[in-house]
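**Student:** Sharing a structure, written as structure tokens. Questions coming.
The values are calculated or read from the model by the stated rules, or taken from the named source; none is laboratory data. For clarity, every value in this text was computed on a predicted model and none was experimentally measured. All Cβ positions, glycine included, derive from the backbone under ideal geometry; neighbour counts span all protein chains shown. These accessible areas exclude ligands, DNA and RNA; they are computed on the full protein's heavy atoms, side chains included. Shrake-Rupley method; radii C 1.70, N 1.55, O 1.52, S 1.80 Å.
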Amino acid sequence: ITHGMEESTEIFGDINLTLGMLNKEDNISKEDIYSHLTSVIQNTDILDDAIVQRLIYYTSKDMRDENIPREIRMLAGEVLVSLAAHDFNSVMYEVQSNFRILELPNEFVVLSLAELATRYVSQSIPFMMMTLLTMQTMLRLAEDENMKQTFCIALEKFSKAIYKYVNHWKDFPYPRLDANRLSDKIFMLFRYIMEKWAPMASHMQTLAIVKVHGPTVSLLLHREDFSEFALNQVHWLLNQYKDQEIDFHITQSLKQILAAAVLYDIVLPKTLRKSIFVNMLHQFCRVPEHSAKENEIEASSCFLILAHSNPAELMEFFDEQIRSNKEVIRIGVLTLLKSVISAEEPKLRDHITSVERTVKVVMGDLSTKVRNSTLLLIQTMCEKCFIEAREGWPLIDYVFSQFARSNRKLEKTVKANSQEEEKGEKSVQETSLKVLKTLDPLAFGMPQVLWPRILTFVVPEEYTGTLDYLFNIIRILIMAEERKKHNVKESTALVLSTGAVNLPSPQQLLARLLVISVLASLGSLRGAGAIGLLKILPEIIHPKLIDLWKTRLPELLKPLEGNNASVVLWELMLLQLLKESLWKISDKAWTIQLSQDFNQQMDSYSNTSIEKKFLWKALGTTLASCQDTDFVSSQIKDFLVAPSQLGDQRQGITSILGYCAEDHLDIVLKVLKTFQDQEKFFMNRCKYIFSGKKKLTKTDVIAIYGAVALHAPKQQLLSRLNQDFLAQILFLYGQCSQVLGMAVMNKDIDLQMSFIRSIIEIGIAVQDAEDKQFQFSYKELLIGYMLDFIRDEPLDSLASPIRWKALIAIRYLSKLKPQLSINDHLNILDETIRKLLPLPPLEILKNEGETDKDKEHINFLYDRSMDALGKLMRTMIWDNVEAENCHEMFNLLRMWLVSQKEWERERAFQITAKVLTNDIEPPENFKIGSLLGLLAPHSCDTLPTIRQAAVSSMIGLFCTKGIRMEVEKLQGLQQGLECEDLQVQIKISSKIAKIACRFIPNEEIQMFLEETLDGLESLDPSCTKACGIWMIITLREHGAALEDQLLEILGTMYHHMPVLRQKEESFQLMLEAISQIASFHMDAVVVNLLHKALPFDRDTKTLWKALAENPASTGKVIRVLIEKLEMGLEDDVAGREAISVACALYEVVSVGTPVTGLYPELFTLLLKLVSCTLGQKMPTSTLSHRRRVMQPGERQQVPDPCRLSTTTLKCLQAQATKEGLARESDEGDNLWTLLSSPESHHIGVCALARSMLVWQRGVILDIMEQLFPSLTSSSENYRITGTAFFSELMKEPSLWKLGNLRDVLILMDQSAWDSNSTLRQMAIRGLGNTASGAPYKVKKHKQIMLESIIRGLYHLARTEVVCESLKALKKVLELLTDRDVSFYFKEIVLQTRTFFEDEQDEVRLTSILLFEDLASLTGRRWKIFFAEEIKKSMISFLLHLWDPNPKIGAACRDVLVICIPFLGLQELYGVLDHLLDQDLLRARDFYRQFCVKLAKKNQEILWILHTHSFTFFTSNWEMIRSAAVKLTDAIVLNLTNQYVELLEREQLTTRLQELRQDHCISVQRAAEAALQTLLRRCKETSIPL
């Protein structure tokens, strides 16, 4: 309720908004507003009163506004009238207020009143008197034509409303009003219009007055006093029939007047009726136009009314009019009669005879339209039982006669201008059949009309087209009679007969019905009707047949219950029924008469029809059943002498004589031989050709011999075959192939066809005899003839059936004894295949045909030829008992099955399907694997026919092995291969493979795979894809059972790889197949691949990658490889297999195989392999002897085991990095160069160790555990590798907590004393790194660690060991106290000083840094010692402030800062601080400042610096030489005179003089300056130089 209220509120709001817009002057918007309001008002049940009143106001105002467009005014009036549904009185009041006496109203006010009277009759009637009175005062004021039309419209609608009230006043809700008063006003208004306006009315006004007539006159007819006036107006109405636009409305008004006259029982005057008849008929018979169709319907309705009121007069009128010779009048009358009868007017039944008489008047009319109309009328008369028994038969006869007449006319030559006539005759023919189709034989009176005369139409040929319905009529009549026989009281309709009737004889009926029955096998209604009649007509045919047909005919009808009844089988059954019937009758005369009736009906059928062909067989069968041999002999002779009477003389005579020979072989052969002896074929043939007559030829006789042999009793045939048949046929063929006595190859196709056909029929007959002892002596000779025929056929066309028929002949001959050899079979098949499969595509062959019929014939020959070749191959292959021979013959098709031409493939597969399907029985050891591999890929071929044939062939192959599989499911999938979508094809092929592959015998899998691999190489992409699918599914199904064949299968696959690599998709499919094998036999596949040459070629690499990429085999393959590698490195020696495993692992890992779970094991094994292969050469020759497709410029590589192993480790690390197990090395790609070189291997290992992620604790601990044995390995290289790796791990504190690095530390300490310098270096590094990883271990084991490290300082031959020892000492000493190192302090200091001038930067730097650290460990004991060592070392520190390596310069500054306090020279800090300034002092300035300070503090140290500086004058570094000279200059400048006197002036001068010649300019300048300083100081001290 709430929802309804909300909706009403919304509507009222919408209307209020709309009303507000009506005040605007915009007329365009008003049009939309009124259209919207009309819809709202009509669809709203309740409107608010206020809204209604406002709407009435606005709509009335706009409706009357002359300034508003007419369309809007009309819409306003429509809304106003619609509002009456909500408030009629208010609307009526508003309209009436503008409809005033003696005042001409607005036209829309009048129209609104008229519309109100139409829509609201009950409510308008009380206002009607007032309205009419007012209107009466207005008519004389109307001068405008438009206004006059408006008043006419109003009068029309007022009259309709009043007419409704007069006839239905009881239905109105108020007391009865005086209708006469209303009709009085209507009369006056109508009379005024007719008197004043009608005579001078315009066209449009006349139309309005015509429309007024119908309702107004109808209303006035109810008043006797007005009826005469009203009827007089009808004449005016009839006189207006001039214009088609008005005619319809005239007829419509007339229909209303006639209906009212019938209602009020008013008899129209005869003259008026006559006038109406004539005018209505004229209207009905006018030339049909689209606009006149409605008028015709109304006119027809008028006649129906007239038929009801006065049928006798109407029939009299029709009879009078139909006798006119005008076609249009006759058609009109017949059509009207049909309409009147269809309406089933009861009064008209009394005039059936008149109707029949009227119809008979036009039966002789030749007009197709009249005939058509007559037939349609007869149809309606039959349907409505308007036929009497005495007069009805001519009408039925007329239907059949018209069909026959049209049939005859249509069979005549069609003239150029007779197209319309032909169309008319076809229409008559169709109408005749339509009448018969709808005819109800059991309608009242119809049985008496039809029976038995209906039988006269069965036999004549001209009524053949009606047999479908004729048989049905007869069947219904007879079955009805059968039902009536059970009720004695009921009369029997079929015993009645009117007059003498020439009925067909029983033999004629049997002959006709039996021949027509043959059509039943084709699903023909006519054939089914004929056999149905035979079933119920035995009494009429012959009394003796009742019991026989009662049992035999139901059996005969069983084959027809299916949809695919065989024509041949059906004919045989009918002929057998004929035989049995004739035997049952056993009446010579009856049989002779039947044969004559068959002969007489020969012309009733065309020569190519199935009925004619069966008639010949039935006639032959009848003659065979005839016991009068003289009659039979004479009939055969007549047919031989005058064969043209049979139609197609060859087919006719061969059929008749063939079937006759079944019981009269001797008579047939005797008459035939006599005929041959009496006739001279060549002369007679020419004579009859010239005379225009037809005669049998030798070719015909050859065909007759074949037909006779086919039907002859088999035992009689074999004894007479050679002499009476083959000898005669070959003799006749030989004569036809001679010219002037010389044998030539006769190109007469007709002759060849007859010869081949006879041989085929003889072959069939001999085979049917089933005499295993019979030897067919003419076998090879006849096969030779057939092959000659095939050889002579062209390879570019298919115009004749020679090939087809010759193949059939060879097939039948090949089955006969003696048996042909395998070579003969192969030769025959090869010949026939090569003469058929290479033909051009079917479309090209068909294009040779000039007409569609020619093309259809070529298509027929093509299909038959392919079928014949398939059956021939099937026969020859499966008749052989040796499986090898079967395969050999089948291989003849192999090249065609993979042909590049799809039409050749299509043919080959069609033949293959023919060979392999339909329950064949192959030899016991027949193998299907190879054939299946050949066929299966083509389930995705380019043509749907090939795809389906391939699947059919595969199903057949399995059936040969007794494997019935899921045939129905496969056949269902096979249908889906018609789809052109390749993806759908692949999907279906895969489903088929999943079903089929389960049934391939295991021992034949290799053969199957070999074929599919060949297919991968040679077939097109779609078939290639199918190859791969079948191969993979087969391996998936049988993989577990292939262990014995595995090596051969892998070898075969590897053999195909170089070629398949050129076809990417094929290659991928083969790789997937190998992966499938590996999923079952991973070890065997891995071993097989590991034996391939190193480095692996592309194919082997690809195989490894394929195994890795297959999710099913990835885990297995990597696990097997790890096991192989473990075994290969068991003795810490790398053999060839271990290297192969590494190469394999590279391919496996390089494709992104996850290594998370296996990384520690893989890493340690590969690192061990790298270590064990350092500097090693490949153990054995690795050259491959397999076929290989080399790329241009490609050479056989000489493998480097260590490089191969390192590459694999690099790949592993890259994958581990991706997985977050390791990180990029600080060495980058140089790491792998370091790792693979014996000289830098340990450096690479350290870098590799640094790339380990120590937070991956599980991984690093597993690596440490597995690498621990390397520290004690017998392989020196492996010990170095392990030591180097662990040396880096020793600095990781987390690993000390979790790992077994304590044991490693002990082994490191031992290795620090090893003779191998690299091993010592790595061990010392490990000891040093322990300081970072486990400081507490350093303190605990300080003694042994210090001894091992210090010992390294004495390994002067290897700087690397020394450097490593210095670094280690620095790290270790940082953790110890002076007391901890007191024992070793002096030794460490002395050994450290020895490396200050080492050529290696790292050694110098490390030693200086160590010396700096030693300063903190002097303690009391060694403080003085260390101060002295500082004095000795200060020269190095000062000079190396300008070391080429800036790091060393910085270290020297730092060590000077640390050491100066030991000498009490703190004043020098200020000078040293200048070294930190951005503007770095020059060396000369620094040294002068330094020496100035030092000279003031300690001249002794200054002198010591001078004494030690000489050694640096020869330094290899220019900067050091220059610094030494500059320092000497500063020292000399600041020495006291006492120390100047102590200078070795000569030696110093000499040295400086030499340095003046140094190649470095800086040294030269410094030497020159120092020399000048020396000279100056010497002068000052008066010391001579």
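**Student:** For residues in region 1312-1354 being among the hydroxyl-bearing types (Ser, Thr, Tyr) and touching a helix residue (DSSP H, G or I) at 6+ places or on another chain (Cβ under 8 Å), which is surrounded by the most Cβ atoms within 10 Å (Cβ to Cβ)?
**Tutor:** First, the residues of region 1312-1354 that are among the hydroxyl-bearing types (Ser, Thr, Tyr): 1315, 1317-1318, 1330, 1332, 1336, 1348, 1354.
After this cut, where a residue has to be touching a helix residue (DSSP H, G or I) at 6+ places or on another chain (Cβ under 8 Å) as well, the list is 1317-1318, 1330, 1332, 1348, 1354.
Numbers: SER1317: 15, THR1318: 23, THR1330: 28, SER1332: 16, SER1348: 22, TYR1354: 13.
My answer is THR1330.
**Student:** If you scan region 583-630, which residues turn out to be open to solvent by 60 Å² or more (accessible area, probe 1.4 Å) and of a type in the set (Gly, Ala, Ser)?
**Tutor:** Selection gives SER586, ALA589, SER606.
**Student:** Would you confirm, using the coordinates I've provided, whether MET1178 is farther than 22 Å from LEU1267 by Cα and at pLDDT below 85?
**Tutor:** Here the answer is yes, as MET1178 does meet what is asked.
**Student:** State all residues of region 12-65 that are modelled with pLDDT under 70, part of a helix (DSSP H, G or I) and of a type in the set (A, V, I, L, M); if no residue qualifies, say none.
**Tutor:** Hits for region 12-65 are ILE15, LEU17, LEU19, MET21, ILE28.
**Student:** Oh, and also: Which condition does TYR192 not pass, out of (1) over 17 Å from LEU116 (Cα atoms); (2) open to solvent by 70 Å² or more (accessible area, probe 1.4 Å), if it passes all the others?
**Tutor:** Only one criterion is unmet by TYR192, namely (2).
**Student:** Mind checking which pairs have a first residue in region 531-550 that is closer than 20 Å to ALA520 by Cα and a second that is surrounded by 15 or more Cβ atoms within 10 Å (Cβ to Cβ) and among the hydroxyl-bearing types (Ser, Thr, Tyr), Cβ under 8 Å, 6 or more apart or different chains?
**Tutor:** Here the result reads ILE531/SER517; LEU534/SER517; TRP549/SER581, each pair linking region 531-550 to a residue that is surrounded by 15 or more Cβ atoms within 10 Å (Cβ to Cβ) and among the hydroxyl-bearing types (Ser, Thr, Tyr).
**Student:** Does any residue of region 1510-1517 turn out to be closer than 24 Å to PRO1444 by Cα, assigned to a helix (DSSP H, G or I) and either modelled with pLDDT of 85 or more or open to solvent by less than 20 Å² (accessible area, probe 1.4 Å) (or both)? Walk me through how you get there before you give the answer.
**Tutor:** First, pick out the residues of region 1510-1517 that are closer than 24 Å to PRO1444 by Cα: 1510-1517.
From what's left, assigned to a helix (DSSP H, G or I): 1510-1514.
Subsequent filtering for residues that are either modelled with pLDDT of 85 or more or open to solvent by less than 20 Å² (accessible area, probe 1.4 Å) (or both) retains 1512-1513.
Yes, some residue in region 1510-1517 is closer than 24 Å to PRO1444 by Cα, assigned to a helix (DSSP H, G or I) and either modelled with pLDDT of 85 or more or open to solvent by less than 20 Å² (accessible area, probe 1.4 Å) (or both).
**Student:** Moving on to the next point. ASP863 passes all but one of (1) farther than 17 Å from GLN752 by Cβ; (2) in contact (Cβ under 8 Å) with a residue 12 or more places away in the chain; (3) open to solvent by 20 Å² or more (accessible area, probe 1.4 Å); which number fails?
**Tutor:** (2)
**Student:** Could I ask something else about it? Quick one: count up the residues across region 957-993 that are in contact (Cβ under 8 Å) with a residue 40 or more places away in the chain and in a helix (DSSP H, G or I).
**Tutor:** Of the residues in region 957-993, the ones in contact (Cβ under 8 Å) with a residue 40 or more places away in the chain are 957-961, 982, 985-986, 988-990, 992-993.
Now narrow it down to the ones that are in a helix (DSSP H, G or I): 957-960, 982, 985-986, 988-990, 992-993.
So the count comes out to 12.
**Student:** Please determine, by comparing only the residues of region 1355-1366 that are surrounded by fewer than 24 Cβ atoms within 10 Å (Cβ to Cβ) and in contact (Cβ under 8 Å) with a residue 40 or more places away in the chain, which one is farthest from GLU1292 (Cα to Cα). Please lay out each step first, then the result.
**Tutor:** Keep residues of region 1355-1366 that are surrounded by fewer than 24 Cβ atoms within 10 Å (Cβ to Cβ), which gives 1355-1360.
Keeping just the survivors that are in contact (Cβ under 8 Å) with a residue 40 or more places away in the chain gives 1357-1360.
Values: ALA1357: 31, ARG1358: 27, THR1359: 26, GLU1360: 23 Å.
Ranking the qualifying residues of region 1355-1366, first place goes to ALA1357.
**Student:** Give region 521-544 a look and list any residue that's open to solvent by 10 Å² or more (accessible area, probe 1.4 Å) and under 15 Å from THR464 (Cα atoms), or say none.
**Tutor:** SER524, LEU525, ARG526, ALA528, GLY529
**Student:** Spot the failing condition for THR942; the list is (1) assigned to a helix (DSSP H, G or I); (2) open to solvent by 10 Å² or more (accessible area, probe 1.4 Å), and only one is missed.
**Tutor:** For THR942, the failing item is (1).
**Student:** Sticking with this structure for a sec: Residues of region 92-148 being free of Cβ contacts under 8 Å to residues at least 12 places away in the same chain and closer than 23 Å to ALA76 by Cα, which ones?
**Tutor:** Hits for region 92-148 are TYR93, SER97, ASP144.
**Student:** Determine which single condition GLU793 fails, assuming it passes every other condition in (1) open to solvent by less than 10 Å² (accessible area, probe 1.4 Å); (2) in contact with a Lys or Arg (Cβ under 6 Å, 6 or more places away or on another chain); (3) under 30 Å from ALA765 (Cβ atoms).
**Tutor:** (1)
**Student:** Going through TYR778, TYR733 one at a time, which residue ends up being open to solvent by 50 Å² or more (accessible area, probe 1.4 Å), of a type in the set (Ser, Thr, Tyr) and within 26 Å of GLY658 (Cβ to Cβ)?
**Tutor:** Working: TYR733 fails: open to solvent by 50 Å² or more (accessible area, probe 1.4 Å).
Among TYR778, TYR733, only TYR778 is open to solvent by 50 Å² or more (accessible area, probe 1.4 Å), of a type in the set (Ser, Thr, Tyr) and within 26 Å of GLY658 (Cβ to Cβ).
**Student:** Please pick out the residue among THR608, THR654 that is within 55 Å of the chain's Cα centre (by Cα), in a loop (DSSP other than H, G, I, E, B) and not charged (D, E, K, R). It would help to see each step written out before you state the result.
**Tutor:** Values: THR654 fails: in a loop (DSSP other than H, G, I, E, B).
Exactly one of THR608, THR654 is within 55 Å of the chain's Cα centre (by Cα), in a loop (DSSP other than H, G, I, E, B) and not charged (D, E, K, R), namely THR608.
**Student:** So for region 1441-1456 (the condition being closer than 30 Å to LEU1571 by Cα, outside any helix (DSSP H, G or I) and either open to solvent by 50 Å² or more (accessible area, probe 1.4 Å) or touching a strand residue (DSSP E or B) at 6+ places or on another chain (Cβ under 8 Å) (or both)), does at least one residue qualify? Full working, then the answer.
**Tutor:** Going residue by residue through region 1441-1456, those that are closer than 30 Å to LEU1571 by Cα are 1441-1446, 1448-1450, 1452-1453, 1456.
Narrowing further to those that are outside any helix (DSSP H, G or I): 1443-1445.
Now restrict to residues that are either open to solvent by 50 Å² or more (accessible area, probe 1.4 Å) or touching a strand residue (DSSP E or B) at 6+ places or on another chain (Cβ under 8 Å) (or both): 1444.
Yes, region 1441-1456 has at least one match.
**Student:** Go through region 150-186 residue by residue and tally those that are part of a helix (DSSP H, G or I) and either of a type in the set (Lys, Arg) or open to solvent by 40 Å² or more (accessible area, probe 1.4 Å) (or both).
**Tutor:** Taking region 150-186 first, the residues part of a helix (DSSP H, G or I) are 150-171, 179-186.
When the remaining residues are screened for being either of a type in the set (Lys, Arg) or open to solvent by 40 Å² or more (accessible area, probe 1.4 Å) (or both), the result is 153, 157, 160, 163-164, 167-171, 180-181, 184-185.
Of the residues in that region, 14 qualify.
**Student:** Do the conditions hold for ILE516, that is, is it open to solvent by 30 Å² or more (accessible area, probe 1.4 Å) and part of a helix (DSSP H, G or I)?
**Tutor:** Values: open to solvent by 30 Å² or more (accessible area, probe 1.4 Å): no; part of a helix (DSSP H, G or I): yes.
No, not satisfied.
**Student:** Next question. Please pick out the residue among GLU1580, GLU1568, GLU1554 that is among the charged types (D, E, K, R), within 28 Å of TRP1517 (Cβ to Cβ) and open to solvent by 100 Å² or more (accessible area, probe 1.4 Å).
**Tutor:** On the way: GLU1580 fails: within 28 Å of TRP1517 (Cβ to Cβ); GLU1568 fails: open to solvent by 100 Å² or more (accessible area, probe 1.4 Å).
So the residue among GLU1580, GLU1568, GLU1554 that is among the charged types (D, E, K, R), within 28 Å of TRP1517 (Cβ to Cβ) and open to solvent by 100 Å² or more (accessible area, probe 1.4 Å) is GLU1554.
**Student:** Right, next: Can you name every residue in region 200-220 that is surrounded by fewer than 22 Cβ atoms within 10 Å (Cβ to Cβ), of a type outside the set (A, V, I, L, M) and modelled with pLDDT of 75 or more? Walk me through it before giving the result.
**Tutor:** If we filter region 200-220 for residues that are surrounded by fewer than 22 Cβ atoms within 10 Å (Cβ to Cβ), which is where we start, we get 200-207, 211.
Retained after the next criterion (residues that are of a type outside the set (A, V, I, L, M)): 202-203, 205-206, 211.
Selection gives LYS211 alone.
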